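Visitor: Here it is, the structure in full.
The values are calculated or read from the model by the stated rules, or taken from the named source; none is laboratory data. A quick note: this is a predicted structure, and the numbers were derived from the prediction, not measured. Every residue, glycine among them, receives a Cβ derived from its backbone with ideal geometry; neighbour counts consider all protein chains shown. Accessible surface is based on the protein model in full, side chains and every heavy atom, while ligands, DNA and RNA are left aside. Shrake-Rupley method; radii C 1.70, N 1.55, O 1.52, S 1.80 Å.
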Amino acid sequence: MDSRPNRALSAALSWLLRNHIWVFLALTVVVFSVASPYFLTVHNIGNILTQGAFIGILAIGMTMVMIDGEIDLSVGAILALASALAIGLQDHMGVWPAICLGLLSGAALGFVNGTLVALSGMHSFVVTLGALIGIRGLVFVYTGENALMVQDFSYTEIPEIYIGPISITAIIFFAMALFFQWVLSSTRHGRETYAVGDNIEAAHGAGINVKRHKIINFTICGTLAAVCGILLSMRLGTAEPNAGKVWELWTIIAVVLGGIRLQGGFGSMWMTIGGVLTLAVLRNGLRLLNTPNYVELMVMGAVLVLALVLDKLLNHGGDER
(Lines give C-alpha, C1' and ligand atoms only; values in the text may rest on other atoms or scores of the structure.)
Protein backbone atom coordinates (compact mmCIF):
# COMPACT_ATOMS: atom_id res chain seq x y z
CA MET A 1 0.00 0.00 0.00
CA ASP A 2 1.42 3.40 -1.00
CA SER A 3 2.46 5.29 2.12
CA ARG A 4 3.11 8.57 0.31
CA PRO A 5 -0.36 10.06 1.11
CA ASN A 6 0.17 9.21 4.81
CA ARG A 7 3.60 10.80 4.75
CA ALA A 8 2.20 13.89 3.05
CA LEU A 9 -0.60 14.15 5.64
CA SER A 10 1.87 13.71 8.47
CA ALA A 11 4.14 16.38 6.98
CA ALA A 12 1.18 18.76 6.57
CA LEU A 13 0.07 18.25 10.19
CA SER A 14 3.63 18.75 11.38
CA TRP A 15 3.86 22.00 9.41
CA LEU A 16 0.57 23.23 10.87
CA LEU A 17 1.77 22.52 14.40
CA ARG A 18 5.03 24.35 13.82
CA ASN A 19 3.36 27.32 12.08
CA HIS A 20 -0.05 27.32 13.73
CA ILE A 21 0.24 30.93 14.85
CA TRP A 22 0.49 32.29 11.31
CA VAL A 23 -2.54 30.24 10.24
CA PHE A 24 -4.46 31.53 13.26
CA LEU A 25 -3.36 35.12 12.50
CA ALA A 26 -4.55 34.82 8.89
CA LEU A 27 -7.93 33.48 10.06
CA THR A 28 -8.45 36.30 12.56
CA VAL A 29 -7.57 38.90 9.93
CA VAL A 30 -10.09 37.39 7.50
CA VAL A 31 -12.84 37.20 10.16
CA PHE A 32 -12.46 40.80 11.33
CA SER A 33 -12.07 42.09 7.76
CA VAL A 34 -15.48 40.63 6.98
CA ALA A 35 -17.02 41.71 10.30
CA SER A 36 -15.91 45.35 10.20
CA PRO A 37 -15.32 47.67 7.24
CA TYR A 38 -12.90 49.69 9.40
CA PHE A 39 -10.54 46.83 10.20
CA LEU A 40 -8.51 46.42 7.02
CA THR A 41 -7.58 50.07 6.56
CA VAL A 42 -4.09 51.56 6.48
CA HIS A 43 -4.81 53.65 9.58
CA ASN A 44 -6.10 50.71 11.60
CA ILE A 45 -3.26 48.42 10.56
CA GLY A 46 -0.87 51.10 11.80
CA ASN A 47 -2.81 51.20 15.09
CA ILE A 48 -2.58 47.43 15.46
CA LEU A 49 1.20 47.48 14.94
CA THR A 50 1.67 50.30 17.45
CA GLN A 51 -0.62 48.78 20.07
CA GLY A 52 1.00 45.39 19.64
CA ALA A 53 4.53 46.82 19.83
CA PHE A 54 4.31 47.56 23.57
CA ILE A 55 3.35 44.00 24.48
CA GLY A 56 5.78 42.87 21.78
CA ILE A 57 8.80 44.51 23.40
CA LEU A 58 7.88 42.84 26.70
CA ALA A 59 7.39 39.56 24.84
CA ILE A 60 10.92 39.63 23.40
CA GLY A 61 12.43 39.60 26.88
CA MET A 62 9.86 37.07 28.08
CA THR A 63 10.78 34.79 25.18
CA MET A 64 14.45 34.79 26.21
CA VAL A 65 13.48 33.90 29.77
CA MET A 66 10.87 31.27 28.82
CA ILE A 67 13.15 29.45 26.39
CA ASP A 68 15.42 29.15 29.42
CA GLY A 69 12.54 27.37 31.17
CA GLU A 70 11.75 30.32 33.47
CA ILE A 71 9.11 33.06 33.66
CA ASP A 72 9.05 36.73 34.71
CA LEU A 73 5.84 38.09 36.23
CA SER A 74 7.37 41.43 37.20
CA VAL A 75 7.66 43.01 33.73
CA GLY A 76 4.50 45.13 34.11
CA ALA A 77 5.69 46.56 37.44
CA ILE A 78 9.20 47.24 36.06
CA LEU A 79 7.53 49.02 33.13
CA ALA A 80 5.62 51.25 35.56
CA LEU A 81 8.71 52.09 37.63
CA ALA A 82 10.83 52.94 34.58
CA SER A 83 8.14 55.21 33.15
CA ALA A 84 7.70 56.95 36.53
CA LEU A 85 11.45 57.56 36.89
CA ALA A 86 11.82 58.74 33.27
CA ILE A 87 9.18 61.44 33.83
CA GLY A 88 9.58 62.13 37.54
CA LEU A 89 13.32 62.81 37.41
CA GLN A 90 13.29 65.13 34.38
CA ASP A 91 12.97 68.28 36.48
CA HIS A 92 16.01 67.27 38.53
CA MET A 93 18.45 65.97 35.92
CA GLY A 94 17.05 66.56 32.43
CA VAL A 95 15.29 64.33 29.93
CA TRP A 96 18.04 62.01 28.73
CA PRO A 97 19.67 61.34 32.13
CA ALA A 98 16.18 60.51 33.47
CA ILE A 99 15.61 58.12 30.56
CA CYS A 100 18.98 56.46 31.22
CA LEU A 101 18.15 56.04 34.90
CA GLY A 102 14.81 54.50 33.96
CA LEU A 103 16.58 52.01 31.72
CA LEU A 104 19.12 51.24 34.44
CA SER A 105 16.31 50.57 36.92
CA GLY A 106 14.90 47.90 34.61
CA ALA A 107 18.31 46.31 34.08
CA ALA A 108 19.05 46.36 37.81
CA LEU A 109 15.71 44.79 38.77
CA GLY A 110 16.09 42.14 36.07
CA PHE A 111 19.57 41.41 37.42
CA VAL A 112 18.18 41.06 40.96
CA ASN A 113 15.43 38.72 39.74
CA GLY A 114 17.93 36.58 37.86
CA THR A 115 20.36 36.48 40.76
CA LEU A 116 17.66 35.41 43.22
CA VAL A 117 16.44 32.69 40.84
CA ALA A 118 19.96 31.46 40.06
CA LEU A 119 21.39 31.50 43.59
CA SER A 120 18.38 30.69 45.79
CA GLY A 121 17.05 27.73 43.83
CA MET A 122 13.51 29.15 44.15
CA HIS A 123 11.23 28.93 41.15
CA SER A 124 11.14 32.08 39.05
CA PHE A 125 7.32 32.18 39.36
CA VAL A 126 7.62 32.76 43.11
CA VAL A 127 10.57 35.17 42.88
CA THR A 128 9.04 37.38 40.19
CA LEU A 129 5.56 37.29 41.77
CA GLY A 130 7.15 38.76 44.89
CA ALA A 131 8.99 41.28 42.71
CA LEU A 132 5.73 42.23 40.97
CA ILE A 133 4.09 43.08 44.30
CA GLY A 134 7.12 44.83 45.77
CA ILE A 135 7.99 46.92 42.72
CA ARG A 136 4.38 47.95 42.17
CA GLY A 137 4.25 49.12 45.77
CA LEU A 138 7.47 51.09 45.22
CA VAL A 139 5.88 52.80 42.20
CA PHE A 140 2.91 53.91 44.30
CA VAL A 141 5.26 55.27 46.98
CA TYR A 142 7.37 57.17 44.42
CA THR A 143 4.41 58.67 42.56
CA GLY A 144 2.37 59.39 45.68
CA GLU A 145 -0.40 57.32 44.06
CA ASN A 146 -0.82 60.03 41.43
CA ALA A 147 -0.05 60.19 37.73
CA LEU A 148 3.13 62.09 36.88
CA MET A 149 2.78 64.57 34.02
CA VAL A 150 5.57 65.40 31.59
CA GLN A 151 6.75 69.01 31.64
CA ASP A 152 9.06 69.02 28.62
CA PHE A 153 6.78 68.19 25.70
CA SER A 154 9.72 67.47 23.40
CA TYR A 155 9.71 64.15 25.31
CA THR A 156 6.41 63.22 23.67
CA GLU A 157 7.53 64.03 20.13
CA ILE A 158 9.61 60.87 19.63
CA PRO A 159 6.64 58.44 19.35
CA GLU A 160 5.09 60.76 16.76
CA ILE A 161 7.76 59.79 14.22
CA TYR A 162 6.17 57.64 11.48
CA ILE A 163 7.40 55.97 8.33
CA GLY A 164 4.19 55.82 6.33
CA PRO A 165 1.57 54.35 8.68
CA ILE A 166 4.17 52.59 10.85
CA SER A 167 5.18 54.29 14.10
CA ILE A 168 8.69 54.42 15.48
CA THR A 169 7.44 52.27 18.38
CA ALA A 170 6.49 49.46 15.99
CA ILE A 171 9.80 49.85 14.14
CA ILE A 172 11.71 49.55 17.44
CA PHE A 173 9.77 46.38 18.27
CA PHE A 174 10.50 44.70 14.94
CA ALA A 175 14.15 45.80 15.01
CA MET A 176 14.59 44.36 18.50
CA ALA A 177 12.82 41.14 17.53
CA LEU A 178 15.14 40.70 14.54
CA PHE A 179 18.20 41.41 16.68
CA PHE A 180 17.26 38.90 19.36
CA GLN A 181 16.31 36.33 16.73
CA TRP A 182 19.88 36.73 15.48
CA VAL A 183 21.11 36.30 19.07
CA LEU A 184 19.11 33.07 19.44
CA SER A 185 20.08 31.59 16.08
CA SER A 186 23.63 32.79 15.54
CA THR A 187 25.40 33.34 18.86
CA ARG A 188 26.78 31.19 21.64
CA HIS A 189 24.40 32.81 24.11
CA GLY A 190 21.45 31.83 21.92
CA ARG A 191 22.58 28.21 21.63
CA GLU A 192 23.09 28.07 25.39
CA THR A 193 19.59 29.48 25.94
CA TYR A 194 18.07 26.49 24.14
CA ALA A 195 20.44 24.07 25.87
CA VAL A 196 19.59 25.33 29.36
CA GLY A 197 15.85 25.21 28.71
CA ASP A 198 15.98 21.80 27.06
CA ASN A 199 18.04 19.97 29.70
CA ILE A 200 19.66 21.89 32.52
CA GLU A 201 21.69 18.93 33.75
CA ALA A 202 23.13 18.32 30.31
CA ALA A 203 23.87 22.06 30.03
CA HIS A 204 25.82 21.87 33.30
CA GLY A 205 27.67 18.85 31.95
CA ALA A 206 28.53 20.72 28.76
CA GLY A 207 30.28 23.42 30.76
CA ILE A 208 27.61 26.12 30.49
CA ASN A 209 27.54 28.52 33.42
CA VAL A 210 23.79 28.16 33.91
CA LYS A 211 23.51 30.66 36.77
CA ARG A 212 25.31 33.42 34.90
CA HIS A 213 23.32 32.61 31.78
CA LYS A 214 19.95 32.95 33.55
CA ILE A 215 21.02 36.20 35.20
CA ILE A 216 21.84 37.64 31.75
CA ASN A 217 18.45 36.70 30.31
CA PHE A 218 16.54 38.10 33.29
CA THR A 219 18.57 41.31 32.96
CA ILE A 220 17.63 41.50 29.27
CA CYS A 221 13.98 40.97 30.18
CA GLY A 222 14.04 43.73 32.82
CA THR A 223 15.81 46.15 30.47
CA LEU A 224 13.26 45.59 27.71
CA ALA A 225 10.42 46.11 30.21
CA ALA A 226 12.00 49.48 31.04
CA VAL A 227 12.28 50.31 27.31
CA CYS A 228 8.57 49.55 26.96
CA GLY A 229 7.70 51.72 29.96
CA ILE A 230 9.67 54.69 28.67
CA LEU A 231 8.14 54.43 25.19
CA LEU A 232 4.67 54.22 26.76
CA SER A 233 5.29 57.30 28.90
CA MET A 234 6.54 59.16 25.81
CA ARG A 235 3.37 58.26 23.94
CA LEU A 236 0.97 59.18 26.75
CA GLY A 237 2.91 62.06 28.29
CA THR A 238 2.13 60.65 31.73
CA ALA A 239 3.33 57.91 34.07
CA GLU A 240 0.49 56.14 35.83
CA PRO A 241 1.25 54.06 38.96
CA ASN A 242 -1.02 51.37 37.48
CA ALA A 243 0.74 51.45 34.08
CA GLY A 244 1.34 47.98 32.71
CA LYS A 245 -1.02 46.35 35.19
CA VAL A 246 -1.76 42.75 34.06
CA TRP A 247 0.42 43.31 31.00
CA GLU A 248 2.57 40.43 32.20
CA LEU A 249 -0.46 38.20 31.56
CA TRP A 250 -0.99 39.60 28.04
CA THR A 251 2.71 39.07 27.39
CA ILE A 252 2.64 35.45 28.53
CA ILE A 253 -0.48 34.83 26.43
CA ALA A 254 1.24 36.27 23.35
CA VAL A 255 4.41 34.25 23.90
CA VAL A 256 2.64 30.95 24.61
CA LEU A 257 0.18 31.55 21.78
CA GLY A 258 3.19 31.86 19.50
CA GLY A 259 4.28 28.37 20.52
CA ILE A 260 7.02 29.02 23.09
CA ARG A 261 6.97 26.04 25.44
CA LEU A 262 6.45 26.67 29.13
CA GLN A 263 9.00 23.94 29.83
CA GLY A 264 11.64 25.79 27.81
CA GLY A 265 14.09 24.72 25.13
CA PHE A 266 11.92 25.60 22.14
CA GLY A 267 10.79 28.69 20.27
CA SER A 268 11.93 31.68 18.25
CA MET A 269 11.28 35.38 17.91
CA TRP A 270 9.40 34.68 14.66
CA MET A 271 6.88 32.69 16.69
CA THR A 272 6.69 35.43 19.29
CA ILE A 273 6.04 38.06 16.59
CA GLY A 274 3.16 35.91 15.34
CA GLY A 275 1.73 35.58 18.83
CA VAL A 276 2.01 39.32 19.48
CA LEU A 277 0.35 40.24 16.17
CA THR A 278 -2.45 37.71 16.71
CA LEU A 279 -3.17 39.06 20.18
CA ALA A 280 -3.11 42.65 18.86
CA VAL A 281 -5.50 41.77 16.02
CA LEU A 282 -7.90 40.03 18.40
CA ARG A 283 -8.01 42.93 20.84
CA ASN A 284 -8.32 45.54 18.10
CA GLY A 285 -10.98 43.62 16.19
CA LEU A 286 -13.12 43.01 19.26
CA ARG A 287 -13.00 46.70 20.16
CA LEU A 288 -13.96 47.73 16.63
CA LEU A 289 -17.03 45.52 17.04
CA ASN A 290 -17.85 47.32 20.33
CA THR A 291 -17.53 44.09 22.24
CA PRO A 292 -18.11 44.51 26.00
CA ASN A 293 -14.98 44.29 28.13
CA TYR A 294 -16.11 41.11 29.87
CA VAL A 295 -16.57 39.38 26.48
CA GLU A 296 -13.06 40.43 25.47
CA LEU A 297 -11.73 38.91 28.70
CA MET A 298 -13.65 35.68 28.02
CA VAL A 299 -12.22 35.49 24.50
CA MET A 300 -8.69 36.12 25.77
CA GLY A 301 -9.17 33.44 28.42
CA ALA A 302 -10.23 31.01 25.72
CA VAL A 303 -7.20 32.02 23.65
CA LEU A 304 -4.91 31.29 26.61
CA VAL A 305 -6.45 27.84 27.03
CA LEU A 306 -5.97 27.24 23.30
CA ALA A 307 -2.35 28.32 23.62
CA LEU A 308 -1.80 25.87 26.47
CA VAL A 309 -3.41 23.05 24.47
CA LEU A 310 -1.08 23.85 21.56
CA ASP A 311 1.83 23.90 24.01
CA LYS A 312 0.88 20.35 25.08
CA LEU A 313 0.55 19.22 21.47
CA LEU A 314 3.95 20.63 20.60
CA ASN A 315 5.51 18.97 23.62
CA HIS A 316 3.88 15.67 22.69
CA GLY A 317 5.20 16.01 19.15
CA GLY A 318 8.65 16.75 20.50
CA ASP A 319 8.53 13.69 22.75
CA GLU A 320 7.58 11.46 19.84
CA ARG A 321 10.50 12.80 17.79
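Visitor: Grab the beta carbon distance between residue 204 and residue 312, set R0 = 25 Å, and tell me the FRET efficiency rounded to 0.05. Can you show the working numbers first?
Guide: Values: r = 27 Å, r/R0 = 1.09.
The formula returns an efficiency of 0.35 here.
Visitor: Next question, about the same structure. Among 237, 220, 203, whose Cα lies farthest out toward the positive end of the dipole of the range 192-250, if unit charges sit on the beta carbon of Lys, Arg (+1) and Asp, Glu (-1)?
Guide: So the residue we want is 237.
Visitor: Looking at the calculated P(r) for the range 117-212, what percent of the C-alpha pair distances fall above 23 Å? Could you put the intermediate results ahead of the total?
Guide: Working: 2753 of 4560 pairs.
Considering the range 117-212, 60 percent of its Cα-Cα pairs are separated by more than 23 Å.
Visitor: Separate question: Which whole-number percentage describes the relative contact order of the chain, with Cα contacts under 8 Å and a sequence gap of 6 or more?
Guide: Working: 521 pairs, mean separation 106.4, N = 321.
Normalised by residue count, the contact order of the chain is 33 percent.
Visitor: Where nothing but the Cβ of Lys and Arg (+1) and of Asp and Glu (-1) is charged, how large is the charge dipole of the range 212-321 around its Cα centre, in debye to the nearest 20? Mind showing how you got there, number by number?
Guide: Numbers: 9 positive and 6 negative charges, 39 e Å.
So the magnitude is around 180 debye.
Visitor: What translational diffusion coefficient, to the nearest whole µm²/s, does the range 27-137 have by Stokes-Einstein, given a Kirkwood radius computed over alpha-carbon pairs, a temperature of 4 °C and 1.567 mPa s viscosity? Present the calculation step by step, with values, prior to reporting the outcome.
Guide: Values: Rh = 16.3 Å.
The calculation lands on 79 µm²/s.
Visitor: Okay, moving on. Can you tell me the length gained on complete extension of the stretch residue 120 to residue 189, counting 0.36 nm per residue apart and subtracting the Cα distance? It would help to have the intermediate numbers written out before the result.
Guide: Values: separation 69, 0.36 × 69 = 24.84 nm, distance 2.26 nm.
Difference between extended and current length: 22.6 nm.
Visitor: Moving on. Determine the distance separating the Cα centre of the range 107-121 from the Cα centre of the range 59-74; give it in Å without decimals.
Guide: Taking the Cα centre of the range 59-74 as reference, the centre of the range 107-121 is 13 Å away.
Visitor: Another one. Provide the per-residue ³J(HN,Hα) series for the range 209-224, in order, calculated from phi with Karplus coefficients 6.51, -1.76, 1.60 and θ = phi - 60°, each as a whole number of Hz, with x at glycine and proline positions.
Guide: Each residue of the range 209-224 in turn: 7, 4, 4, 4, 4, 5, 4, 4, 5, 5, 5, 4, 4, x, 5, 5 Hz.
Visitor: Right, here's the next one. Just check the range 97-149 against the gyration tensor rule for me: Cα atoms, a ≥ b ≥ c as the square roots of the eigenvalues, rounded for a/c under 1.5, and otherwise prolate or oblate depending on whether a/b exceeds b/c. Working shown, then result.
Guide: Working: a/c = 4.27, a/b = 1.64, b/c = 2.61.
Oblate shape, in that a/c is at least 1.5 and b/c is the bigger or equal ratio.
Visitor: Which of 142, 154, 176 sits closest to the plus end of the dipole of the chain, meaning its Cα is farthest towards the positive end, when Lys and Arg get +1 and Asp and Glu get -1 on the C-beta?
Guide: 176
Visitor: Using 0.36 nm times the number of residues separating residue 295 and residue 163, minus their current alpha carbon distance, what extension gain do you get?
Guide: Working: separation 132, 0.36 × 132 = 47.52 nm, distance 3.43 nm.
Extra length available between residue 295 and residue 163 comes to 44.1 nm.
Visitor: Give me a comma-separated list of calculated 3J(HN,Hα) values for the range 133-142, in order, Karplus coefficients 6.51, -1.76, 1.60 applied at θ = phi - 60°, integers in Hz, x for any Gly or Pro.
Guide: Values, residue by residue: 5, x, 5, 4, x, 4, 5, 5, 5, 5 Hz.
Visitor: Could you compute Rg(Cα) / (2.2 N^0.38 Å) for the range 13-77, with N its residue count? Intermediate values should be presented prior to the final figure.
Guide: Numbers: Rg = 15.5 Å, N = 65, 2.2 N^0.38 = 10.7 Å.
Against the empirical 2.2 N^0.38 Å value, I get 1.44 for the range 13-77.
Visitor: Residue 266's amide H: which non-local residues (gap 5+, or another chain) put their own amide H closer than 5 Å, with H modeled 1.01 Å from N in plane and none for Pro or chain starts?
Guide: Those lying under 5 Å, H to H, from residue 266 are 261.
Visitor: With no solvent and one equal point scatterer per Cα, compute the Debye intensity ratio I(q)/I(0) for the range 198-321 at 0.13, 0.17, 0.22 Å⁻¹ and report its log10, rounded to two decimals.
Guide: Per q value, in the given order, log10 I(q)/I(0) is -0.71, -1.08, -1.37.
Visitor: Continuing with this model, one more query. If exposed means no more than 13 neighbouring beta carbons inside 10 Å and the site is in a DSSP loop, what's the longest run of the chain without any exposed GluC sites (Glu not before Pro)?
Guide: Working: sites that count: 145, 157.
Excluding the exposed sites themselves, the longest stretch runs over 158-321.
Visitor: Okay, next question. Grab the beta carbon distance between residue 40 and residue 171, set R0 = 22 Å, and tell me the FRET efficiency rounded to 0.05. Working shown, then result.
Guide: Values: r = 21 Å, r/R0 = 0.97.
According to the calculation, E is roughly 0.55.
Visitor: How would 68, 198, 152 rank on accessible area, largest to smallest, probe 1.4 Å?
Guide: Working: 68 5, 198 115, 152 65 Å².
Largest accessible area first, the residues go 198, 152, 68.
Visitor: Shifting gears a bit: Using a 1.4 Å probe on the protein heavy atoms, what percent of the accessible area of the chain belongs to carbon and sulfur? Before the final figure, lay out the partial values.
Guide: Working: 10210 of 14950 Å².
Summing carbon and sulfur atoms, their accessible area is 68 percent of the total for the chain.
Visitor: Restricting to Cα atoms and excluding each atom paired with itself, what does the Kirkwood estimate give for the chain in Å? List each step's numbers first, then the result.
Guide: Working: mean 1/r = 0.0490 Å⁻¹.
Here the Kirkwood hydrodynamic radius works out to 20.4 Å.
Visitor: For the range 274-306 and the range 21-55, compute the distance between their C-alpha centroids and round to whole Å.
Guide: Answer, in whole Å: 11.
Visitor: Rounded to the nearest 500 deg cm²/dmol, what is the calculated helix-only ellipticity per residue at 222 nm for the chain, with -39500 (n - 2.57) per DSSP H run of length n ≥ 4?
Guide: Numbers: 14 runs with 243 residues, N = 321.
It lands at -25500 deg cm²/dmol.
Visitor: Which whole-number percentage describes the relative contact order of the range 191-321, with Cα contacts under 8 Å and a sequence gap of 6 or more? Mind showing how you got there, number by number?
Guide: Numbers: 85 pairs, mean separation 33.6, N = 131.
The normalised contact order for the range 191-321 reaches 26 percent.
Visitor: Follow-up. Might you report the magnitude of the Cβ-based charge dipole of the range 1-142 about its Cα centre, with Lys and Arg at +1 and Asp and Glu at -1, to the nearest 20 debye? Walk me through the numbers on the way to the answer.
Guide: On the way: 4 positive and 5 negative charges, 70 e Å.
Dipole size: approximately 340 debye.
Visitor: Could you work out the relative contact order of the range 190-267? I mean the mean sequence separation of Cα pairs under 8 Å and 6+ apart, divided by the number of residues, in percent. It would help to have the intermediate numbers written out before the result.
Guide: Working: 34 pairs, mean separation 35.7, N = 78.
The normalised contact order for the range 190-267 reaches 46 percent.
Visitor: Quick check for you: with a 1.4 Å probe and neighbouring chains kept, what is the accessible area per residue of the chain, in Å²?
Guide: Values: 14950 Å² over 321 residues.
So the chain comes to 47 Å² accessible per residue, rounded to a whole number.
Visitor: How far apart, in nanometres, would the label points at residue 245 and residue 305 be if each is projected 7 angstrom from Cα along the Cα-to-Cβ direction?
Guide: 2.6
Visitor: Okay, next question. Considering every Cα-Cα pair within the range 252-311, what fraction, in whole percent, is farther apart than 18 Å? Walk me through the numbers before you get to the answer.
Guide: On the way: 610 of 1770 pairs.
Summing the P(r) tail past 18 Å for the range 252-311 gives 34 percent.
Visitor: Something else now. Mind checking the dipole of the chain: about its Cα centre, +1 per Lys or Arg Cβ, -1 per Asp or Glu Cβ, Debye to the nearest 20?
Guide: In total the dipole reaches around 580 debye.
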